[in-house]
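One structure is given below, encoded as C-alpha cells.
The values are calculated or read from the model by the stated rules, or taken from the named source; none is laboratory data. What you see is a predicted model, and the numbers here were worked out from it, not measured in a lab. When we count neighbours, we look across all protein chains shown, and the Cβ atoms used for this are built from the backbone with ideal geometry, even at glycine. With ligands, DNA and RNA removed, areas are computed over all heavy atoms of the protein, side chains included. Shrake-Rupley method; radii C 1.70, N 1.55, O 1.52, S 1.80 Å.
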Amino acid sequence: MTSVPSTDTSMTGSGTDDDFWMPLILSTIAGLSTCLGAAVVFCHPKTHDGTKRLVSSDTMAFSLALAGSVMVTVSVISIGPECLHDPESSSGYMSIFSIPFLQRAISFAVGCLLYFGLSWFAFPEPEELVGGAVGMFDSQQQQMDDDASIISETTRASVQTRKMSNTRHGTKAQRRFNNNGSNNSDTVSISEHASIADGSCDTVALLEKGIASKSPIHRSSTPPSPTSSVVGDVSSSTNKKDDGQVFFHSLTRWSSGSDLDTKEQRRAWRVAMLLFVSLLFHNFPEGLAVAASALESEKLGITVTIGIMIHNIPEGIAISIPCLMARPDAPWLSFCLASFSGLAEPFGAWVALFFLRNIAKKEDTYKNPIMCMENVLAFVAGIMITVALYELFPEGKRHCTASNNGMFWYATGTIMGIVVMILTEMGT
C-alpha cells in the first residue's frame with residue numbers, strides 16, 4: 001500500500017465531476033483485481049465425479065505463506081513508516097513519548113485485540129467447535145430420550161384403556177354373533193375385535209379398510225372442538241417461529257464452519273474467515289490511498305492503482321484457496337468471498353471523498369485528531385500482523401508436514417509475497 005498524500009489539495013479538490021468519479025473508478029478497478037487471484041480456484045482439478053475441486057497441502061502451504069508475508073511486509077515497509085512519519089521532526093519520525101505515538105500504539109493494540117476477539121468468539125478453534133457440537137448433541141439426545149419416555153408411558157396407558165374397552169365390546173359382539181348366527185353389514189367380525197383387544201391389529205389399518213367405520217364400536221364420533229381453528233393458528237405461528245430459529249441456527253453453523261465434516265475443513269474455513277475480515281479492513285485504507293492520490297493528480301492516481309492491483313492478486317489467492325479446501329463443492333463461493341473483500345476499496349474511496357475532506361480542514365484546529373488516517377492504518381497493521389503470526393504462518397507450516405515438497409512451497413510463498421510487496425512499494 002502506498003503512502004497517502006498529505007497535501008491540502010488532495011483533500012479539498014475542486015468539486016468537479018472528474019474529482020468525484022475518477023477516484024471511484026480507479027479504486028473499483030484496483031479492488032476488482034482481487035478477482036484475478038480468486039479465479040485460481042477454477043484452475044484446480046476436479047474429482048472423478050466432477051462435483052468437487054481438489055486442493056493439495058502444497059497449495060495450502062504456498063497460499064498461506066504468501067498471505068502472511070504480504071501482510072507483514074505491507075505493515076512493516078508501508079504502513080509503519082506512514083504512521084510514524086513526522087515532517088516537523090529533524091529525524092523524520094515522531095518521538096516515542098509524543099501523544100501521536102501513543103495514539104498509534106493504542107490503535108495497533110486495538111487491532112490486535114480485534115483479532116483475538118474474532119478468534120475466540122466468532123471463529124473458534126475446530127476442537128472447540130467439535131466439543132460444542134458434541135455437547136449440543138448430548139443435550140438434544142437427552143431431551144429426545146425424555147420425550148420418548150413420556151410418550152411411551154402415555155401410549156402404554158392408552159393401550160391398556162383401549163384393550164379394556166375393546167374387550168367389553170368384543171364380548172357383546174360375540175353374543176350378537178351367537179344370537180344371529182352370522183355377521184351382518186353393521187357388525188365387525190369377532191376375530192377383528194379380538195385382534196384389537198390384544199393390540200395385534202392396527203386401528204388405522206382397520207380405518208383404511210372401512211371396517212372401523214361400520215363397526216358399532218366406532219360409529220359414534222366426537223364433534224370437532226370450536227377452538228380447533230384457534231389451536232391451528234397458534235400451531236402455525238409456532239411453526240413459523242421454529243422455522244426462523246432453524247434458519248438462524250443453520251446460518252450460524254455455516255458461518256462458523258461447524259457444519260463441515262472434517263477437522264481439516266473446519267480449520268481451513270476458520271483461516272479463510274479470518275483472512276476475509278482482516279483483508280476487508282486492509283483494503284479500506286487502500287481505497288483511501290487511491291482516492292487521495294487521484295485527487296492530487298490523475299497520473300499519480302493511475303500509478304497507485306496499478307501498484308495496488310498487483311498486490312491485490314495474491315490477496316485474492318490467499319482467501320480463495322482456504323475457502324475452497326473447506327468447501328470443495330462450492331468454487332463460486334470461494335471466488336465471490338475473495339472478490340467481495342476487494343469491494344472495500346471503492347467504499348474507502350467514497351469515505352475519502354465525503355468525510356476526509358472535513359478531517360483535513362479540521363487538522364489546523366485539532367492538531368492530533370484521533371480519527372486521522374495514521375491511526376486507522378495502525379489499527380489495520382495490528383490486525384494483519386497478528387493474523388499472519390498467529391494463524392497464517394503456523395497453519396501454512398503445518399501443511400508442510402503433509403507433503404514432501406511442502407517446505408519448498410512454503411518458502412516460495414513467503415519469498416514471493418515479500419518480493420511482490422517491495423516491488424509495488426518501490427514502483428509507487
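Observations, loosely collected:
- Whole-Hz ³J(HN,Hα) from phi, Karplus 6.51 cos²θ - 1.76 cosθ + 1.60, for region 41-47, glycine and proline x: 5, 7, 8, 6, x, 9, 6
- Extended-chain gain in nm, criterion 0.36 nm per residue less alpha-carbon gap, Phe97 and His48: 11.4 nm
- With a cut-off of 13 Å between beta carbons, the residues surrounding Gly342 carry a summed charge of -3, where Lys and Arg count +1 and Asp and Glu -1.
- Full-extension gain in nm, Ile422 to Val110, via 0.36 nm per residue minus C-alpha separation: 109.7 nm
- Region 27-104, relative contact order [Cα under 8 Å, separation at least 6], %: 12
- DSSP-assigned coil residues among chymotrypsin sites (Phe, Trp or Tyr not before Pro) in region 71-130, each with at most 11 further Cβ atoms within 10 Å: Phe97
- Amide H contacts of Tyr93 (H built 1.01 Å from N, under 5 Å, at least 5 apart or other chain): Asp86
- Value of relative contact order over region 240-324, rounded to a whole percent, pairs C-alpha under 8 Å and six or more apart: 28
- Rounded to whole Hz, the Karplus (6.51, -1.76, 1.60) HN-Hα couplings of region 116-122, x for glycine and proline: 5, x, 5, 5, 8, 10, 7
- Ser90/Trp120 FRET efficiency (R0 60 Å; Cβ-Cβ; nearest 0.05): 0.85
- Karplus-derived HN-Hα couplings along region 256-272 (A = 6.51, B = -1.76, C = 1.60, θ = phi - 60°), whole Hz, x at Gly and Pro: 8, x, 6, 7, 7, 7, 10, 5, 4, 5, 5, 5, 5, 5, 4, 4, 4
- Atom-type composition of the exposed protein surface of region 278-359 places 77 percent of the accessible area on carbon and sulfur (1.4 angstrom probe).
- Full-stretch length increase - Arg398, Leu333 - with 0.36 nm per residue and alpha-carbon distance subtracted: 20.9 nm
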